[in-house]
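In what follows, a structure is listed as structure tokens, so that the remarks can point back to it.
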Amino acid sequence: MSGLNREQPKADEKTTHRRCHCLIAHAQNENEKARAKEALDNALKTNDAHAVYIACLQLLAPCPARDGQETR
């Protein structure tokens, strides 16, 4: 699975806003979104239902850091 051996983001790839601290780390920039989409494509090819679920959560779920939501 491509998410297991992730490289650390370079200085220019880091986001300038708050980082996601959710249980499932959401994609915060285009590079992370592309990685999550690749993981989703791979999960669909290999019929890995759990990986499909995780990739969908990374891409679709609301995130306070990304969406500017207030947490309570």
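The values are calculated or read from the model by the stated rules, or taken from the named source; none is laboratory data. Since the model is a prediction, treat every value here as computed from it, not as a measurement. Neighbour counts run over all protein chains shown; Cβ positions are idealised from the backbone, glycine included. Accessible surface is based on the protein model in full, side chains and every heavy atom, while ligands, DNA and RNA are left aside. Shrake-Rupley method; radii C 1.70, N 1.55, O 1.52, S 1.80 Å.
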Residue pairs qualifying under the 8 Å Cβ cut-off, at least six apart or on distinct chains, with the first in the range 32-57 being closer than 18 Å to residue 20 by Cα and basic (Lys, Arg) and the second being open to solvent by 90 Å² or more (accessible area, probe 1.4 Å) and outside any helix (DSSP H, G or I), are 35/6
Of the residues in the range 11-43 that are modelled with pLDDT of 55 or more and open to solvent by 100 Å² or more (accessible area, probe 1.4 Å), the one that is farthest from residue 65 (Cα to Cα) is 38
